[in-house]
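Novice: Dropping a structure here in structure tokens format, bear with me for questions.
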Amino acid sequence: MTVVTPSARLLADELQVDTGAVVVYLHPSSPHAVLSVARSGKPSSVWAVHRRLPIVQAIAGDAARESLATVSVSHAHGRMGVPSDVQADLVVIEVPVEKAAAHLLLHDAALLLRTGGRCVLAGGTTEGIKPAVRVLESIFGNMRTLAVGGGHRVVEARRGATVAFDSVQSLVAPYHEPEAFREDSYLVAGLPTRVFTRPGVFSWDHLDEASALLAESMTVPADGHVLDLGCGAGVLGAAVAARAPRVDITLVDADCEAVRCARQTMTATGHGVWRALASDVTSAVADSRFDLVVSNPPFHTGKSTDLQLPRRFIAESHAVLRAGGRLQLVANRTLPYEAELERVFGNRRTVHDGARFKVLEAIRR
Ligand SMILES: C[S@@+](CC[C@H](N)C(=O)[O-])C[C@H]1O[C@@H](n2cnc3c(N)ncnc32)[C@H](O)[C@@H]1O
């Protein structure tokens, strides 16, 4: 279930779309505003693009149920999700919290828009709308506020004959090229590990302390199948590869950019058998069975703690483990995962109890 944010409500209520317009909607937080634009019957086409699979599936499902044939949905970030010949009259962006990912979308909007087209930006004041508006104005040289409410605002800028790409170049280069990856080399569980990332992927510019701890604590079988659940850039998968050359590794993530990065990271390991797949929790591997699942589960929606996803990570791990298979996960010390593991697996043990993080294990009986 997706939450309808004040931004999406403002957009659904206030956005004016011209008849026949080509609309590109980048990073919609829910189907709400995308479908309200499509339902108006005015646009000739609406491209909805999001990097997270559950949102893409929700929009595609709702559009199909309502037979909204003008809506095309892509699992991608920014202009990668739109055919290169599309010239948009309107680009709508719901601003991602991650600054560099937001800058990339603003850069892409300027490339997607025809001269005279509009870029509409929406977001919350605690979620980066103000700095994003400053970047919008620096690119397009103009800006006006369309609506404000519920701590969110909607602004628009019009694309002139020229665009100040220079103003945004230093913010996005080199990642405005889809095939540009940041490459870092970290010591993970004592072994040098090359990690490839892009803006917006979890801990994209550093090694996460909790992930490093899990990599040190996990017990990897010599053979069999391992699942890196919510793999991000593939740090845990790469750590498994470094220790167990014969193991078959599957990495899954809902974020398509994470999956692209995990593929780069795993390719660099030279490991024999692995795959990286887009997946809503275990949806892409529901028919497979694993000997070990490793995970640093997500527990945030925006800035608040949300335990719904970690609960799904635990329940779906149990479902894809063989009898005797183990889930090993890392979490902030304060997160109450023990009770959930007991409820689903009927057992759990603390593998590591640190000052900030704990590593927990549960075995499927
Ligand atoms: C805390 S990060 C851990 C990333 C990586 N394992 C690491 O240790 O660096 C959690 C990951 O879960 C992914 N995620 C969030 N929701 C998901 C879902 N519904 N299905 C699969 N992965 C999801 C996020 O995109 C993110 O990459």
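The values are calculated or read from the model by the stated rules, or taken from the named source; none is laboratory data. Owing to the predicted nature of the structure, the values given are computational and were not obtained by experimental measurement. Positions of Cβ are backbone-derived with ideal geometry, glycine not excepted, and every protein chain shown enters the neighbour counts. Heavy atoms of the whole protein, side chains included, go into the accessibility calculation; ligands, DNA and RNA do not. Shrake-Rupley method; radii C 1.70, N 1.55, O 1.52, S 1.80 Å.
Novice: Is at least one residue of segment 223-240 open to solvent by 10 Å² or more (accessible area, probe 1.4 Å), out of contact with any helix residue (DSSP H, G or I) (no Cβ under 6 Å at 6 or more places or on another chain), more than 9 Å from the ligand (Cβ to nearest atom) and part of a helix (DSSP H, G or I)?
Specialist: Scanning segment 223-240, I find no residue that is open to solvent by 10 Å² or more (accessible area, probe 1.4 Å), out of contact with any helix residue (DSSP H, G or I) (no Cβ under 6 Å at 6 or more places or on another chain), more than 9 Å from the ligand (Cβ to nearest atom) and part of a helix (DSSP H, G or I), so the answer is no.
Novice: Then there is this: Of a type outside the set (Asp, Glu), open to solvent by less than 40 Å² (accessible area, probe 1.4 Å) and closer than 30 Å to Thr125 by Cα: which single residue out of Asn332, Asn296, Asn347 fits that description?
Specialist: Values: Asn332 fails: open to solvent by less than 40 Å² (accessible area, probe 1.4 Å); Asn347 fails: closer than 30 Å to Thr125 by Cα.
Criteria check complete, one pass: Asn296.
Novice: If you don't mind, another one. As an exercise: evaluate Val252 against (1) open to solvent by 30 Å² or more (accessible area, probe 1.4 Å); (2) among the hydrophobic types (A, V, I, L, M, F, W, C); (3) near the ligand (Cβ under 8 Å from one of its atoms); (4) part of a strand (DSSP E or B) and give the number of the one condition it does not meet.
Specialist: Of everything listed in (1) open to solvent by 30 Å² or more (accessible area, probe 1.4 Å); (2) among the hydrophobic types (A, V, I, L, M, F, W, C); (3) near the ligand (Cβ under 8 Å from one of its atoms); (4) part of a strand (DSSP E or B), Val252 misses just condition (1).
Novice: A further question follows. Quick one: would you say Gly325 is open to solvent by 50 Å² or more (accessible area, probe 1.4 Å) and within 17 Å of Val220 (Cβ to Cβ)?
Specialist: Details: open to solvent by 50 Å² or more (accessible area, probe 1.4 Å): no; within 17 Å of Val220 (Cβ to Cβ): yes.
No.
Novice: For Glu338, state whether it is part of a helix (DSSP H, G or I) and acidic (Asp, Glu).
Specialist: Values: part of a helix (DSSP H, G or I): yes; acidic (Asp, Glu): yes.
Answer is yes for this residue.
Novice: Right, something else. Of all strands (runs of 3 or more DSSP E) completely enclosed by segment 1-77, which ones contain at least 3 residues that are open to solvent by less than 20 Å² (accessible area, probe 1.4 Å)?
Specialist: Values: elements: 22-26, 45-50, 71-75.
Those strands (runs of 3 or more DSSP E) span 22-26, 45-50.
Condition check ((1) more than 9 Å from the ligand (Cβ to nearest atom); (2) part of a helix (DSSP H, G or I); (3) open to solvent by 60 Å² or more (accessible area, probe 1.4 Å); (4) in the same structural domain as Leu292 (by TED's automatic domain parsing)) across all residues:
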site	(1), (2), (3), (4)
Phe202	no, no, yes, yes
Ser211	no, yes, no, yes
Glu216	yes, yes, yes, yes
Thr219	yes, no, yes, yes
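Novice: Could you figure out which of (1) within 8 Å of the ligand (Cβ to nearest atom); (2) in contact with a helix residue (DSSP H, G or I) (Cβ under 9 Å, 6 or more places away or on another chain) isn't true of Thr269?
Specialist: For Thr269, the failing item is (1).
Novice: Which of (1) closer than 21 Å to His50 by Cα; (2) in contact with a Phe, Trp or Tyr (Cβ under 8 Å, 6 or more places away or on another chain); (3) buried (at least 19 other Cβ atoms within 10 Å of the Cβ); (4) aliphatic (A, V, I, L, M) is the odd one out, the single condition Ala278 does not satisfy?
Specialist: The number of the failed condition is (2).
Novice: Quick one: how many residues across segment 299-313 are touching a Phe, Trp or Tyr at 6+ places or on another chain (Cβ under 7 Å) and open to solvent by less than 50 Å² (accessible area, probe 1.4 Å)?
Specialist: Qualifying residue count for the region: 3.
Novice: Can you give me the number of residues within segment 21-65 that are over 27 Å from Ala278 (Cα atoms) and touching a residue at least 60 places away in the same chain (Cβ under 8 Å)? Break it down stepwise before answering.
Specialist: Residues of segment 21-65 over 27 Å from Ala278 (Cα atoms): 21-22, 36-37, 39-44.
After this cut, where a residue has to be touching a residue at least 60 places away in the same chain (Cβ under 8 Å) as well, the list is 21-22.
Number satisfying all stated conditions: 2.
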